[in-house]
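Notes to accompany the following structure.
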Amino acid sequence: MSDKKFEPNDSRASSERSELTLLSQDTDIATAPPTREQTDRIRTTAAKSQGRLIRERFFRHKGALAGIALLALIFLLAFTSIGFAGIPGWWNKDYDVLAARFNEGKPTLTLWPFSLGEHPFGQDVLGRDYFALTMRGTQTSLIIAFIVGIVAMLIGTTVGALAGYFRGWTEAFLMRITDVVITIPTVVIAAAVAGIVAKAGIIPFAVFLGIVTWTGLARLVRGEFLSLREKEFVESAKSVGASSFRIIFRHILPNTVGVIIVSTTLAISGAILLETALSYLGLGVTAPDTSLGKAINDNRSALTVRPWLFLWPGAFIIGIALAVNFIGDGLRDAFDPKQTRVKQ
Amino acid sequence: MGSHTSEIITDDQAPEHEGPILAVENLGVEFNVDDEWVMAAENVSFEIHPGEILAVVGESGSGKSMSSMALLGLLPRNGRSTGSAKMLGKELIGAPQSMLRRVRGNEIAMIFQEPMTALNPVLTVGEQIREAIEQHTELSPAQAKKRAIELLRMVEIPEAERRYDSFPHQFSGGQRQRAMIAIALANDPMLLIADEPTTALDVTVQAEVLDLLRKLNKRLNSGVLLITHDMGVVADLADHVVVMEKGRVVEAAPTAQLFAAPREDYTRQLLGAVPHLGSKVGGVLADVEVVDGRLSIHEEYAERLQTDREHRSAAGVVPALELIDVDIEYPGRFRQPAFKAVNGVSLTINPGEVMGLVGESGSGKSTIARAVTGLIRTAAGSVTIGGTDITRLSARQLLPLRKKFAIVFQDPAASLNPRLSIGDSIGEPLLLHEKLGRAALDERVASLLDDVQLPVAFRNRYPHELSGGQRQRVGIARALSLQPDLLVADEPTSALDVSVQAKVLELLQELQRERGFACLFVSHDLAVVELLASHIAVLNKGTLVEQGSTEQILKYPRDAYTRRLLAAAPVPDPKEQSLRREQRSALLAMGAGE
Amino acid sequence: MFYFIAKRTIISFFIMLAATTLMYFLTISSGDPFEDLGETSGPEKAATIAARTAAMNLDVPPIPRYFLWLQDVGHCLVPGGISCTLGQDRTGADVLPQLQNAMGSTLRLVVVATVLALVLGVVVGIVTAIRQYSTFDYSVTFVSFLLFSLPLFWLSTLLKQYLAIDLNTWLSNPQFSYLTIALIGVVAGVIWAVVVGGDRRRRLMVFGVAAAATALALYLLLVTRWFVNPGFGVVGMLVSAAGIAVLWTALLAGFRRRRVLNAALAAGAVSFAGYLVSIPLLTDPTWLVVVALVIVMAVVSYVVAGAVGGPFRAQAAKIGAVIAVSVSLLILLDRLLQAYPTLSAKAGGRPIPTTGSQSANLAGTFWEINLDYALHLILPTIALTLISFATYTRYTRASQLDVMNQDYIRTARAKGLSERTVLVKHAFRNAMIPITTLMAFDFAGVLGGAVITEQVFGWNGMGKMFVDGIATVDPGPVMAFFLVVGTAAVLFNMLADIAYAFLDPRITLS
């Protein structure tokens, strides 16, 4: 979405140079028009690191910037309002304190003139402050989502890297395991385990969800490794006697960061939705903890009478997932200035 | 001029008209990148007359391809063109798409560089020719098919009827380019734009395709706009040449005049940079004489050189590299037999000697380069480096030996890790083998950069910030960092422009003289090999057909394949090239007669 | 091909075996099967415990218990199916009959949702790719990101609560004010203008025409009380058949060859004749009659269009068959719509159901029963489709853009082919190749999603079997559910690979 004007040419474009290279005295074969990467270099004769180029491309992506802003806002709101891990926040009510219902528990939030009122998001049936409850749920959901993302990334990357690099029996074995896990729909396998683990607490629950959602990433990383291991720079490393460990971690893995980061962000937004779905089935977070999914599930029968109990947590789920998805899209564009890869 | 008949082209169908087919005046091409217009070509003017072949020559980025794309309105979406291009008086620049569509493939047709990617992989070749015919004529599908088969036959595809239903991946590279030509000729175009038509092909195939283009051009009396970077191809085919540099026309002249007396400095530089086959040893195929189209080969010339060879094998030193009866197989997958890429190859390189390994694609030359550096395993035979057979060694045992040999790869864009800085790339072998500290490493890297004539500041840069030639220098620095006794160079310059290639070759030669390492120089380009190598080995389909001193191989080859290979390589000299063409057809005729 | 299927079947068998093992042990260790009895006491409890232990083989250790279950499945694999029960649930009832009851509705939901999402997603994806960086592209991108981010059950609940109720209320008295009609017209106009694009003048024109046409059509439909008595009628059918013929010709052949257009129109005429002839046959048919009719129409149109097509026989015949199938589908739709008034009356004037997969004890014609299915499908299908639609558009867009930058597209343009030929013939097929892989992935996702939608809409499908089974730690129903889901996923994967090889001649199945 960021490169509005430039129509990406064929895949050779990035590896080839044109006369626009001010840095160089000599050039090699190119038939493609100048790429963004090249014009980046025209403007600034000073060398830019790859990281800086990626950052610049990312910050040109308006959707991603909006996503970052939204996510940061949600983070701040959720963690400063009611506090976290014993540190108190600026909001004076607690999510588990029962109180008398004020104006039938309707939200008191007004946007113009802006005022939070007594209970900005209203109160639930038991009179608990729904703003505090939603914030608490947001905290839980965010924590779960990020843990799931990280666990899935670690497992998926390891499995994919080993399978893609070593081929042979390692690959056959790991990919068959992946096939087995892929055969079972994520919701189903998660539902089967969630019941037990969720009782153990949020973190084991999140780790377990990570353990069942790594398969997509493993396939992607394996695909990347399969193509990168045939690249000449890998052969070059082999020819000077670099160990497999060094080749995987120093040579191939850094070149797959893009894929890994992008699909991790997608895994995070997927995890938010998965957590809510499981909570909806009664298999997710259990009391006294709460999460956005649980908040909706607890109040699903209230939709006709107290729609805010249903809508507020929903809005936060969508907000987080949307922000993360846009960030993922921005990262994809930043890491791969050519068109998005479609291979699985 | 959509032909309304299904007949194959005859000579009398040639278009009759006055003046040029195409007159280009002040053509400019620009690209919009991030709201800035970047010039790709400007003030380009030339004319093409019937029956004429005009070559537009230039190195990469000279704007030669983009100006030809602009003629047909095929620029990428962010491009725009200015100026004028009149085809028989009809303005093409700025014309509406509907009008351009009638011109494309009908009056002006194009051939592209990569036959591999230029044909749609999911449609049959016949279908792709047929639709070009149907688009511009009122022929029925059956008639169009008939004509498509005739066209396939015309471009010399064997068994045209059967091959009509084949998919592009079932064709060889040369056949694909022939199919492309068939598509381009489907509607008897007045002008054929050939954009690097033979760059992706082997020399022998290239020679055939060029012959075909020349024949067709004569028969059709149409114009050909040939876009190329290869001076040999220009000398072989073109009547007129336009030289472009950085989007501008530098010089335009008839071919003979341009090669004999280039006016501009740039042209002189360009011509000077092109390696000329036979320039060092003084002639190619000196024992082949063509008199009135009849061929005679003077066998006795070769014998004089035999003594040299005997002398060499008797030298008694430990060779830097010795291959004895090496077989290399690519393991077959389930139900597929293994593919034998190299079959019984033996060769010897003495210390300080440069051996050129020459062959076409699929000859197994890169496979040998990789086996020699321990990147792939051999199936049989021995590979001895400095007296140690590496085929029996485990990875761990091989590790200390890796200091003794190094490899430079073909594609400088792919052979450097994009996420490692130049300094880290060059320093990696030192780090692994000599376990140097930071300061010592920095010092060595700096001196290596200096050796390959790159500024020391480059060590903090990343590969994408360097040009192709600079990257290849980095590749060389990395390979030489451990001062190996043997350097394997796998087509190190074939991805580079000629002027860059010349500089890189010069550097390699200089370093080789200074350091005296032995070198296995793998290349498809005989002229490049001639510059560097003292000995040449010729590979064909995995077998070594001939080896000997450079002079012997180039002047008095014994093997028919070597002769064909030598005859097919075009030289950048129109006069010499036309003689060589005769030689080649005589050789081919003899080959066919045998 | 045969070899490929055999090989894949064997591999799939082992993958399924491993997956069932995993699933079985996860299920039985997910809780205590007697948890619900915790509070009660007395002889009743003891009796229930004894009965459950017997039914679920709880006296056998887990590993042999798994083999007992495998044995039950094995019975079903033996031809003849002696005592094929798929085991018992905790009350001792056979699982197989429950599964048979539940399977139909779930698969109907999943297949309809997948097909709809695929067709819509691919079409919209291609259009966004062609009109890259247009307002339409940006809007679709935003909408698909929004859809990606929607929790399925939340969306389903909203649909159920708002869409269904409002729609039902409106359908009982379908009226719009002039203002509403005008507004709908404007919205439709904007959408068309954005989709078609072009310069300012063209967009304004498209907007005007589309807005006026939509408003007028809506007005006429309301005045004729079409929403109470829907259907196409003979005239509508004739116009539609002609329209379909022209549309398919435009898409598949272009209008350069008059004979192909004539052939298509002939096929349209044949289909229309088919419609007239089939009126008495379709009063209360069976699926067999319906399918036979479609086939007959397709064959006749193929022959007729081929004959009219003359030299362009092959192309014309294919287009003819496509037209006939399209018109057949329209005839079926027409028939279903005609059944609407009676069914609506039977449903007490609230035709869009919000719970269940079919009306209980509905006795009616073929059309009424199927319309009842279709109406029950509407809401869950919308929910499921919207979510996979997002995936399909994004992938199709990326894939199409990738293809449009390939050299062979440039070659096709250099041949002077029309933009239609370049897009439909050269780009589309190549762009579809990676989508086949996505299909296999997405299908498993939709199956998982079905569990949730079924829960929201109170379907008695496999999802419920699964959720209840998990809640009660009862492996029988859970594993039965998984057998179907896993087999379907494996099967879809294989189909995707076959489709891949079919689309891409470079791939051979082995």
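The values are calculated or read from the model by the stated rules, or taken from the named source; none is laboratory data. A quick note: this is a predicted structure, and the numbers were derived from the prediction, not measured. Virtual Cβ from ideal backbone geometry, glycine too; neighbours counted across all protein chains shown. Just the protein is used for accessible areas: all its heavy atoms, side chains included, with ligands, DNA and RNA removed. Shrake-Rupley method; radii C 1.70, N 1.55, O 1.52, S 1.80 Å.
Values computed for the structure shown
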item: Selected residue [assigned by TED's automatic domain parsing to the domain that holds A:W214, touching a Phe, Trp or Tyr at 6+ places or on another chain (Cβ under 8 Å) and open to solvent by 40 Å² or more (accessible area, probe 1.4 Å)] from A:I247, A:I252, A:I296, A:I261; result: A:I261
item: Search result, residues across region C:70-106 that are crowded, with 18+ Cβ neighbours inside 10 Å, part of a helix (DSSP H, G or I) and either at pLDDT below 80 or over 31 Å from the mean Cα position of the chain (by Cα) (or both); result: C:D72
item: Residue within region C:8-20 that is more than 12 Å from every other protein chain (Cβ to nearest Cβ) and not small (G, A, S) present; result: yes
item: Residues of region A:299-322 classified as open to solvent by less than 30 Å² (accessible area, probe 1.4 Å), more than 7 Å from chain C (Cβ to nearest Cβ) and not in a helix (DSSP H, G or I), total; result: 1
item: Flag if B:E134 is of a type in the set (D, E), assigned by TED's automatic domain parsing to the domain that holds B:K246 and assigned to a helix (DSSP H, G or I); result: yes
item: Members of region A:54-90 that are at pLDDT below 85, within 13 Å of A:D329 (Cβ to Cβ) and assigned to a helix (DSSP H, G or I); result: A:R57, A:F58, A:R60, A:K62, A:G63
item: Qualifying positions in region B:51-80 - at pLDDT 90 or above and open to solvent by 20 Å² or more (accessible area, probe 1.4 Å); result: B:E52
item: Members of region A:205-235 found to be open to solvent by less than 10 Å² (accessible area, probe 1.4 Å) and either more than 20 Å from B:R419 (Cβ to Cβ) or among the polar types (S, T, N, Q) (or both), listed by number; result: A:F205, A:A206, A:L209, A:G210, A:A218
item: Any chance A:E224 is under 23 Å from the mean Cα position of the chain (by Cα), closer than 30 Å to A:E171 by Cβ and charged (D, E, K, R); result: yes
item: The lone exception for A:A242 - which of (1) surrounded by fewer than 22 Cβ atoms within 10 Å (Cβ to Cβ); (2) closer than 18 Å to A:I155 by Cα; (3) facing another protein chain (nearest Cβ under 8 Å) it fails; result: (2)
item: Single match in B:A569, B:A589 (criterion: within 23 Å of B:G232 (Cα to Cα), outside the structural domain of B:Y330 (by TED's automatic domain parsing) and open to solvent by 30 Å² or more (accessible area, probe 1.4 Å)); result: B:A589
item: Test: residue in region B:86-95 that is of a type in the set (D, E) and not in a strand (DSSP E or B); result: no
item: Odd one out for B:M66 among (1) away from chain A (no Cβ under 14 Å); (2) in a helix (DSSP H, G or I); result: (1)
item: Selection from region B:513-522 of residues that are closer than 18 Å to B:R473 by Cβ and surrounded by 20 or more Cβ atoms within 10 Å (Cβ to Cβ); result: B:F517, B:C519, B:F521
item: Residue match in region B:104-125 (condition: away from chain C (no Cβ under 11 Å) and either open to solvent by 10 Å² or more (accessible area, probe 1.4 Å) or part of a loop (DSSP other than H, G, I, E, B) (or both)); result: no
item: Among (1) surrounded by 22 or more Cβ atoms within 10 Å (Cβ to Cβ); (2) small (G, A, S); (3) closer than 19 Å to C:R257 by Cβ, the one test that B:A85 misses; result: (3)
item: Count - residues of region C:139-173 that are of a type outside the set (A, V, I, L, M) and open to solvent by 30 Å² or more (accessible area, probe 1.4 Å); result: 11
item: Helices (runs of 4 or more DSSP H) enclosed by region B:393-480 - at least 2 residues per element that are within 33 Å of the chain's Cα centre (by Cα) and facing another protein chain (nearest Cβ under 9 Å); result: B:422-434, B:468-480
item: Members of region B:259-280 found to be among the aliphatic types (A, V, I, L, M) and under 20 Å from B:R581 (Cα atoms), listed by number; result: B:A260, B:V274, B:L277
item: Any hit, region C:8-26, residues being over 27 Å from C:T487 (Cα atoms) and either among the charged types (D, E, K, R) or modelled with pLDDT of 85 or more (or both); result: no
item: Which listed residue is within 14 Å of chain B (Cβ to nearest Cβ) and either assigned to a helix (DSSP H, G or I) or at pLDDT below 90 (or both), from C:L423, C:L336; result: C:L423
item: Output for region A:175-197, where each listed residue is open to solvent by 10 Å² or more (accessible area, probe 1.4 Å), within 22 Å of the chain's Cα centre (by Cα) and closer than 20 Å to A:I144 by Cα; result: A:T186, A:V187
item: Within region C:107-133, tally of residues that are touching a residue at least 60 places away in the same chain (Cβ under 8 Å) and under 12 Å from the mean Cα position of the chain (by Cα); result: 12
item: Qualifying residue in region B:331-354 (condition: within 14 Å of chain A (Cβ to nearest Cβ), surrounded by 23 or more Cβ atoms within 10 Å (Cβ to Cβ) and either without any contact (Cβ under 8 Å) to a residue 12 or more places away in the chain or not in a strand (DSSP E or B) (or both)); result: no
item: Qualifying residue in region B:43-63 (condition: more than 14 Å from chain A (Cβ to nearest Cβ) and of a type in the set (D, E, K, R)); result: yes
item: Filter pass, C:Q400 being more than 8 Å from chain A (Cβ to nearest Cβ) and polar (S, T, N, Q); result: yes
item: The listed residue being open to solvent by less than 70 Å² (accessible area, probe 1.4 Å), of a type in the set (F, W, Y) and in contact (Cβ under 8 Å) with a residue 60 or more places away in the chain, out of C:F136, C:F176; result: C:F136
item: C:L330 more than 27 Å from the chain's Cα centre (by Cα), aliphatic (A, V, I, L, M) and either part of a helix (DSSP H, G or I) or closer than 30 Å to B:E127 by Cα (or both); result: no
item: Pair list, Cβ under 7 Å, 6 or more apart: region C:425-450 residue basic (K, R), other residue at pLDDT 90 or above; result: C:R429/B:V122
item: Criterion violated by B:P484 - all others in (1) in contact with a helix residue (DSSP H, G or I) (Cβ under 7 Å, 6 or more places away or on another chain); (2) of a type outside the set (G, A, S); (3) surrounded by fewer than 21 Cβ atoms within 10 Å (Cβ to Cβ) satisfied; result: (3)
